[in-house]
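Just below is one structure, and these are the notes that go with it.
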Amino acid sequence: MEQSLFSVVTLVLALASIVNTVHGQGGSRVGFYLGTCPRAESIVRSTVESHVNSDPTLAAGLLRMHFHDCFVQGCDASVLIAGAGTERTAIPNLSLRGFEVIDDAKAKVEAACPGVVSCADILALAARDSVVLSGGLSWQVPTGRRDGRVSQASDVNNLPAPFDSVDVQKQKFAAKGLNTQDLVTLVGGHTIGTTACQFFSNRLYNFTSNGPDPSIDASFLLQLQALCPQNSGASNRIALDTASQNRFDTSYYANLRNGRGILQSDQALWNDASTKTYVQRYLGLLRGLLGLTFNVEFGRSMVKMSNIGLKTGSDGEIRKICSAFN
């Protein structure tokens, strides 16, 4: 009974925390379009739902796209611009997916409310809706962002990378105003989606002078070596969250505990004391510490991330189509 009550209190406190963050920075707010385009969020939601129902893997693609957008020039839809030399053409962005979903949602929103809703807001809403469609909890997304007028591949030079140490990851997140808990929480988005063998195969064969990365579970290592043969299969796709790649849950963290993290940067979260604590708390392994509810904390950290480098007011523009400047 006491444990049940503790869990309820924990969830209530976590929900209160996320409510306190729903107002964004510098002009964004929940319900920004209530008076100018009241159906905006429902149009985006139904569009994302239609696409994700047809292809569940798009959910991870849309979440990743929002992350890549926010970490370069802020959350201003600069990643959506097509053309030579744009962010979209940078190597880390070549595998982004879901552009057609955003274009579809924008076209439908424009038909209802021309020139009102930004592509940056549509992408932020689509990321939230993708999580919900994958089984995660919803959160309120502050809106009112405007679209950027700059998109350069040369600016895509500081995205978190699959080979980053925990210290490097913490530096990159701190530079965006995100703390260590945000880091562990947002990387938990890897509970959905896949990656290519080329981004972690170094762990499977010649990681050290003695061979594979010793932090990989021995039986899991054999499975990965079969899926990613040495000197071949670089483009083979592997689930980031084994056996749960389309379900938004905490099994990603359980995999880290069991030596079944895929990316070097992911497994490092369990191997480093400063981040391991948060993984343990999401798994309910630490007695005496206030528990953390991953689904709730993810929404809270997403609100923080989605307010990086906002363009509001007269800054930026409202694009007519998301892949081109006005």
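The values are calculated or read from the model by the stated rules, or taken from the named source; none is laboratory data. Since this is a predicted model, take the numbers as computed values, not measurements. Every residue, glycine among them, receives a Cβ derived from its backbone with ideal geometry; neighbour counts consider all protein chains shown. Remember, those area values only see protein heavy atoms, side chains included, never the ligands or the DNA or RNA. Shrake-Rupley method; radii C 1.70, N 1.55, O 1.52, S 1.80 Å.
Cross-link pairs exceeding 26 Å in C-alpha to C-alpha distance, out of Lys108/Lys304; Lys170/Lys304; Lys276/Lys304; Lys108/Lys176; Lys172/Lys276, comprise Lys108/Lys304; Lys108/Lys176. Scalar couplings 3J(HN,Hα) for the range 92-101, obtained by applying the Karplus form with A = 6.51, B = -1.76, C = 1.60 to θ = phi - 60°, are x, 9, 5, 9, 5, 10, x, 4, 5, 5 Hz; x denotes Gly and Pro.
Taking all pairs of distinct Cα atoms, average 1/r, flip it, and tell me the Kirkwood hydrodynamic radius of the range 214-326 in Å to one decimal place.
Values: mean 1/r = 0.0578 Å⁻¹.
Computed over Cα pairs of the range 214-326, the Kirkwood hydrodynamic radius comes out at 17.3 Å.
Working note: Debye formula, equal point scatterers on the alpha-carbon atoms of the range 267-326, no solvent; log10 I(q)/I(0) at q = 0.15, 0.21, 0.30 Å⁻¹ is -0.66, -0.90, -1.16. Taking one quarter of the surface of the C-alpha convex hull of the range 149-305 gives a mean projected area of 10.9 nm². Listed values for the range 277-283 are Karplus-derived 3J(HN,Hα) couplings in whole Hz (6.51 cos²θ - 1.76 cosθ + 1.60, θ = phi - 60°), namely 4, 6, 4, 4, 5, 5, 8, and x replaces Gly and Pro. For the range 67-74, putting each phi into the Karplus relation 6.51 cos²θ - 1.76 cosθ + 1.60 with θ = phi - 60° gives couplings of 4, 5, 5, 5, 7, 10, 6, x Hz, in residue order, rounded to whole numbers and with x for Gly and Pro. Aspartates and glutamates near Lys106 by alpha-carbon distance under 13 Å, same-chain residues fewer than 8 away left out - which ones? The reachable aspartates and glutamates, counting only those whose Cα sits under 13 Å from Lys106, are Glu41, Asp121, Asp147.
Here the relative contact order of the range 126-251, from alpha carbon pairs under 8 Å that lie six or more residues apart, stands at 30 percent. Note: the chain, Cα convex hull, 141 Å³ per residue.
Note on the chain: with neighbouring protein chains present and a 1.4 Å probe, carbon and sulfur make up 54 percent of its accessible heavy-atom surface. Using a cutoff of 8 angstrom between alpha carbon atoms and counting only pairs six or more residues apart, the relative contact order for the range 22-143 works out to 42 percent.
Can you give the Kirkwood hydrodynamic radius of the range 154-203 from its Cα pairs, in Å with one decimal?
Working: mean 1/r = 0.0822 Å⁻¹.
It works out to 12.2 Å.
Amide H contacts of Thr194 (H built 1.01 Å from N, in plane; Pro and chain starts excluded): Leu240 sit under 5 Å, all sequence-distant by 5 or more or on other chains. Amide H contacts of Gly31: Thr143, each under 5 Å away and 5 or more positions distant or on a separate chain (H built 1.01 Å from N in the peptide plane; Pro and chain starts excluded). Computed packing ranks the peptides 241-247, 320-326, 293-299 as 293-299, 241-247, 320-326, most packed first, by mean other Cβ atoms within 10 Å. Across the chain, C-alpha contacts under 8 Å between residues 6 or more apart give a mean separation that, scaled by the residue count, equals a relative contact order of 28 percent. Taking Cα centre as origin and charging only the Cβ of basic (Lys, Arg, +1) and acidic (Asp, Glu, -1) residues, the dipole magnitude of the range 206-323 rounds to 300 debye. When peptides 56-63, 34-41 are ranked by their average number of other Cβ atoms within 10 Å per residue, the highest-first order is 56-63, 34-41. The residues of the chain expose on average 43 square angstrom of accessible surface per residue, using a 1.4 Å probe on protein heavy atoms.
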